[in-house]
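See structure below.
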Amino acid sequence: MKLAENSKFDIDSFYLELQKQFPRSEMKEKAVWAKILTLPEYKIFNIFNDENKICGYFTFLELPDKTILIDYFAIFKEFHSLGYGSKAFEYLKSLNKYAGCYLEVEKENPKDINTFRRINFYKKLGAKLLDINYIYPNVDGGLPMDLYFMPFKQNYLPDKNKSLANIKFAFHKMHFDILKIAEIFSKISGQ
C-alpha cells in the first residue's frame, strides 16, 4: 500500500467519484473545486493497493499550525474491510510532517449503521471528539456534524482556541462560496 500526491488531477473524473461517495449535503460545487485546487495548501493523495491500483483517496487542507483538515476521505467499496483505510492514516502519521488531523464526521444515526462504523474506525485510530458544536458549511445553511481530532504526534491535542482558529482558516479557504459563513462560524465559536 502507498499514498501518492495527485499532481495530474482530472477534476471531472474526481468530481464524479465524489458524488458516488458523499451525500449532496457534503459536496462542494464543481466551480468551487476549481478554485480550491489552486491553493498550495490543498492536497489530494491517491491511495494505492499492493497491485498499484487506486483504492481510495484523501483530500485535505494544510493548516497554519502543522495540522490538517481532512476534507474528503474514501476507500472504494470493493476495497472496504481490507485494512487500506487504517494503513492510509498510518502512512500520513509516518510522514512526521503534521501534528494531527481534524475530521468532520456525521453524527451517529440509528437509521444508518455506517455512521457508527465510521466513528468507531476513527476512534480505533486514536481520534478524539472535540468539545465544539461543529457545523459543516453548505449551501443549505449548514449541516451539524461532530469534529474529531486524530493526533499524529503522541499526546498532541489542540486547545479549543487553536481549533477555532483552524476552523476559521479552513472556512475562509474552502467555503468562500457560502454566503452565511460568518454566521455559521459564529454559531460554532459561540461569539
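Taken together, the values in this text are just the output of simple stated rules run on the coordinates, not laboratory data. Small disclaimer: the values here were computed from a predicted structure and weren't measured. Reconstructed Cβ throughout: ideal geometry from the backbone, glycine too, with neighbour counts over all protein chains shown.
A few comments on the model shown:
- When only Cα pairs below 8 angstrom with a gap of at least 6 residues are kept, region 2-189 shows a relative contact order of 18 percent.
- Computed label-point distance, nm, for sites GLU5 and PHE22 using a 7 Å Cα→Cβ extension: 2.1 nm
- Expressed as a whole percent, the proportion of Cα-Cα pairs in the chain lying more than 31 Å apart is 11%.
- On full extension, the segment bounded by LYS53 and ASP177 gains 41.2 nm, given 0.36 nm per residue less the C-alpha separation.
- Between the listed residues TRP33, LEU61, ASN161, the Cα displaced farthest toward the positive end of the dipole of the chain, a dipole computed from Cβ unit charges relative to the Cα centre, is found at ASN161.
- Net charge dipole, the chain: roughly 360 debye, given to the nearest 20, about the Cα centre with Cβ charges of +1 for Lys and Arg and -1 for Asp and Glu.
- Seen through its C-alpha gyration tensor, with square-root eigenvalues sorted a ≥ b ≥ c, region 62-146 comes out oblate because a/c lies at 1.5 or above while a/b is not bigger than b/c.
- Descending principal axes extents, region 24-79, alpha-carbon based, whole Å: 34, 29, 18
- Charged neighbours of TYR42, selected by a Cβ distance under 13 Å, balance to 0 (K, R count +1; D, E count -1).
- Look at where the Cα atoms of region 80-140 and of region 6-40 average out, and the two centres are 19 Å apart.
- Straight-line cross-link partners of LYS30 among the aspartates and glutamates, defined as a Cα under 13 Å from its Cα and at least 8 positions apart when in the same chain: ASP10, ASP12, GLU17, ASP177.
- FRET efficiency for the pair ARG117 and LEU157, taken as 1/(1 + (r/R0)^6) with r the Cβ-Cβ distance and R0 = 22 Å, rounds to 0.35.
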